[in-house]
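Below is one structure, written out as structure tokens; comments come after it.
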Amino acid sequence: MAKAEERSYDPASQKMINKAQDENIDIVWDRYDAMQPQCGFGELGICCKICNMGPCRIDPFGEGPQTGICGASVDTIVARNFVRMIASGAAAHSDHGRDIAHALILAASGQAHDYHLKGTQKLKKTAQVYGIDIAGKDTQSIGQELGDKCLSEFGQQHGELKYTSLAPAKRQAIWRKFSMMPRGIDREIVEIMHRTHIGVDNDYKNVINHGLRAALGDGWGGSMIATELSDILFGAPEPIRATVNLGVLKENQVNIVVHGHEPTLSDVVADAAKDKELLDLAKKYGAEGINLVGMCCTANELLMRHGFPSAGNFLQQELAILTGSVELMMVDVQCIMPALSSVANCFHTKLVTTSPKCKFPGVEHIEFKEEKAFQIAKQIIRLGVENYKNRVKERVDIPPEIKGLVAGFTTENAFRILGGKYRFTLRPLNDAIISGRLRGAAGVVGCNNPNIKHDWAHVAMVKELLKNDVLVVQTGCSAIACAKEGLLTPESALEYAGEGLREICEAVGIPPVLHVGSCVDNSRILLILASVVAEGGLGEDISDLPAAGAAPEWMSEKAVSIGSYFVGSGVYTVFGTPLPVLGSKKVTDYLTGELENIVGGKFAFEQDPVKAARMMIAHIDKKRQALKLAPLMYARAPEAATKA
Ligand code: BF8
């Protein structure tokens with residue numbers, strides 16, 4: 001059995017992994033070990049169970065069958081499996097966006113009294129993007145109209161998604177030329193399912209190109225709607241200090257963990273946790289207060305807008321319960337391990353599901369409704385408070401690890417932070433890249449996966465990038481991983497950043513790693529890239545920029561959709577473990593090579609995070625050369641720069 005230090009880089013997690021071992025409680029790493037060896041056909045993407053003549057599998061050694069029973073080639077099978085992952089990932093993000101649009105309409109029409117449209121600036125800006133005439137209209141009616149327009153884009157059959165108009169003109173032209181411009185969010189996802197039904201699209205390039213179209217409908221559609229409308233409904237984030245890791249759980253308080261993705265419930269829970277009646281009740285049961293913390297992307301939503309602590313990322317959800325200190329964990333949707341119910345059963349922790357889309361057998365379900373948001377939030381917290389009396393003090397074991405961080409960066413506040421109070425502009429950022437003080441920028445995002453040491457790849461990759469004067473932008477579980485290492489503080493620039501990046505961080509007072517939110521907030525990175533192009537001096541398209549992306553510990557289908565919309569937007573994107581496409585050389589070559597000639601971006605796979613960072617740096621240098629930018633001010637060739 002692997003040691004805790006081999007499973008996780010994070011000392012707090014190591015302690016809880018050891019506790020699980022001592023108490024004989026199965027957690028994700030044990031299930032991972034039990035699953036070895038994993039299915040090689042699945043790993044290569046060469047198993048097809050799309051119709052009932054199958055399942056079929058292609059013999060990777062060339063001795064057995066080389067087509068499915070229907071005659072589908074390995075390239076068709078691999079491409080179909082790949083784009084079906086995009087369909088699921090894009091559907092998850094976009095359905096989240098749909099729910100936020102629905103919540104905005106309910107709030108604006110006065111049916112959900114617990115929400116108020118807090119981001120009025122963004123409301124006006126977004127209304128413009130959607131062509132809404134705001135003259136003489138109040139906030140509520142603009143909000144309602146905007147919500148309706150956004151909702152209509154899910155089922156839209158023709159035309160182009162409105163947010164794509166914010167991409168550089170050259171990028172839009174590429175999407176139109178190669179039929180990748182998303183017409184409607186749901187439409188492109190449905191078309192993936194149609195094309196990949198038996199006997200439809202057999203041209204792997206045609207299949208993949210449509211997959212990119214659906215992914216672009218996620219990035220520039222569903223996810224962007226989720227992010228932007230959340231900013232309107234809950235208020236746009238501003239830089240804020242907070243804390244992270246299991247040490248945020250409190251020994252003498254009622255600990256409530258909010259886990260999942262959608263901020264509609266967690267945002268009101270944040271208010272309900274301060275409710276006097278509940279605080280008094282907590283005191284009655286002997287607790288000093290109610291400690292609300294987040295997990296995974298709900299943590300990021302609460303962190304970005306309220307500065308609530310984050311207990312950790314994907315692989316820590318079971319570990320939080322293992323501390324024995326969690327009275328209640330409420331979950332909504334996505335990245336919630338089914339195993340939570342059995343781990344919770346080993347402790348006093350109450351697990352509560354809240355979404356009609358996500359129920360667990362035998363787990364209490366309290367359905368969330370926007371119209372009664374605060375009342376439901378209070379009902380759930382009350383359960384947690386009442387459960388405090390069941391806590392077994394002897395089993396409480398909270399690791400002391402806790403780190404400070406700054407989160408809350410957005411496309412909009414980046415303009416103000418960089419340009420100053422009276423000059424909203426990204427100019428200083430562009431100038432820093434043009435002059436060679438900054439090498440470029442990288443987005444490092446995505447999940448944890450037990451197939452790689454927890455958090456290690458994120459941290460190692462980001463440190464390598466910082467050292468080489470690359471500004472890093474992060475979301476999701478990757479941001480939480482680096483926050484636990486202390487990389488999301490302005491002070492960390494002194495220790496980890498190269499000289500040029502350090503000068504900028506010191507001058508502006510920002511961390512060298514900017515946390516821009518949850519996974520749907522990767523759409524913020526798209527808009528930042530588009531804004532940098534618009535600022536001028538760095539080419540005409542996103543693919544011209546000295547920038548790259550990575551998901552070093554990816555796990556979910558959402559990560560596949562995210563990677564695909566970044567590639568489709570012109571970004572060189574490195575995944576840690578490969579996508580399950582290696583069974584087809586043609587598909588692999590297309591995704592990691594030829595695609596660059598079409599969309600300007602491509603995938604690369606590299607499990608060694610430092611090597612992967614150097615591949616990103618080599619790509620950034622290639623783009624600097626193409627733009628004929630000044631030599632780097634503090635020239636530092638990454639040791640053995642790898643060819644991008
Ligand atoms: O959406 S990074 S493990 S929590 S999928 Fe999930 Fe991956 Fe975390 Fe957020 Ni994103």
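Shape class for the stretch 86-130, computed from the alpha carbon gyration tensor (a ≥ b ≥ c): oblate, with a/c not under 1.5 and a/b at or below b/c. Averaged per residue, the chain has 36 square angstrom of accessible surface, using a 1.4 angstrom probe with ligands and nucleic acids left out. Of the accessible area of the chain, computed with a 1.4 Å probe over protein heavy atoms only, carbon and sulfur atoms account for 53 percent.
Shape of the stretch 246-395 from its Cα gyration tensor (a ≥ b ≥ c, root eigenvalues): rounded if a/c is under 1.5, otherwise prolate when a/b > b/c, or oblate? It is rounded, given that a/c, with a ≥ b ≥ c, falls under 1.5.
Take the Cα pairs of the stretch 66-222, get the Kirkwood Rh, then feed it into Stokes-Einstein at 20 °C and 1.002 mPa s and tell me D in µm²/s. Numbers along the way, then the final one.
On the way: Rh = 17.0 Å.
Calculated translational D: 126 µm²/s.
The protection proxy used here, the mean number of other Cβ atoms lying within 10 Å of each residue, ranks peptides 339-352, 305-318 as follows, highest first: 305-318, 339-352. Separation of the stretch 199-236 from the stretch 121-168 is 17 Å, based on Cα centroids.
Ranked by the mean number of other Cβ atoms within 10 Å of their residues, highest first, the peptides 580-589, 170-179, 408-417, 73-82 fall in the order 73-82, 408-417, 580-589, 170-179. Taking the alpha-carbon centroid of each part, what is the distance from the stretch 53-67 to the stretch 475-532 in angstrom? A separation of 46 Å, based on Cα centres. 3J(HN,Hα) along the stretch 187-203, derived from phi through the Karplus expression 6.51 cos²θ - 1.76 cosθ + 1.60 where θ = phi - 60°, amounts to 3, 5, 5, 4, 5, 4, 5, 5, 4, 9, 5, 4, x, 10, 7, 10, 9 Hz, with x in place of Gly and Pro. Helices in the chain, meaning DSSP H runs of at least 4 residues, each add -39500 (n - 2.57). Divided by all residues, the mean residue ellipticity at 222 nm is -14000 deg cm²/dmol. Beta-bridge orientation, the chain: approximately 20 percent antiparallel, per DSSP, counting only bridges with both partners inside.
A simple count of charges around Ile50, restricted to other residues whose Cβ falls under 10 Å of its Cβ and scoring Lys, Arg +1 and Asp, Glu -1, yields +3. Rg and Dmax over the alpha-carbon atoms of the stretch 404-626 stand at 16.1, 55 Å.
Using only the alpha carbon atoms of the chain, find the Kirkwood hydrodynamic radius as the inverse mean reciprocal pair distance, in angstroms to one decimal.
Numbers: mean 1/r = 0.0400 Å⁻¹.
With all distinct Cα pairs of the chain included, I get 25.0 Å.
Prolate is the label for the stretch 4-57, because the ratio a/c of its alpha-carbon gyration tensor axes (a ≥ b ≥ c) is 1.5 or higher and a/b is greater than b/c.
Peptide packing for 13-19, 118-124, 284-290 was compared via the average number of neighbouring C-beta atoms within 10 Å per residue; ordered from the highest value, the list is 13-19, 118-124, 284-290.
Which net charge results when you count Lys and Arg as +1 and Asp and Glu as -1 among the other residues whose beta-carbon is under 12 Å from that of Val352? Before the final figure, lay out each step's value.
Values: positive: Lys350, Lys359, Arg382; negative: Glu327, Asp332, Glu364, Glu367.
Residues close to Val352 contribute a combined charge of -1.
Separation of the stretch 554-576 from the stretch 397-470 is 18 Å, based on Cα centroids. The aspartates and glutamates whose alpha-carbon is closer than 13 Å to the alpha-carbon of Lys15, local same-chain residues fewer than 8 away aside, are Glu5, Glu6, Glu23, Glu318, Asp397, Glu401. Taking every DSSP beta bridge that has both ends in the stretch 269-371, the antiparallel portion is near 10%.
Relative contact order for the chain using alpha-carbon pairs under 8 Å, separation at least 6, rounded to a whole percent?
Numbers: 1419 pairs, mean separation 104.2, N = 644.
Reported as a whole number, the value is 16 percent.
3J(HN,Hα) along the stretch 52-65: 8, 6, x, x, 10, 9, 8, 7, x, 9, x, 9, x, x Hz, from the Karplus curve 6.51 cos²θ - 1.76 cosθ + 1.60 with θ = phi - 60°, whole Hz, x for Gly and Pro.
Pop out the Kirkwood hydrodynamic radius of the stretch 22-137 from its pairwise C-alpha distances, inverse of mean 1/r, in Å to one decimal.
Working: mean 1/r = 0.0512 Å⁻¹.
Taking the inverse mean of 1/r over all distinct Cα pairs, the stretch 22-137 comes out at 19.5 Å.
The values are calculated or read from the model by the stated rules, or taken from the named source; none is laboratory data. All of these numbers come straight from a predicted model, not from anything done at the bench. Don't worry about glycine lacking a Cβ; one is built from the backbone with ideal geometry, like all the others, and counts go over all protein chains shown. Heavy atoms of the whole protein, side chains included, go into the accessibility calculation; ligands, DNA and RNA do not. Shrake-Rupley method; radii C 1.70, N 1.55, O 1.52, S 1.80 Å.
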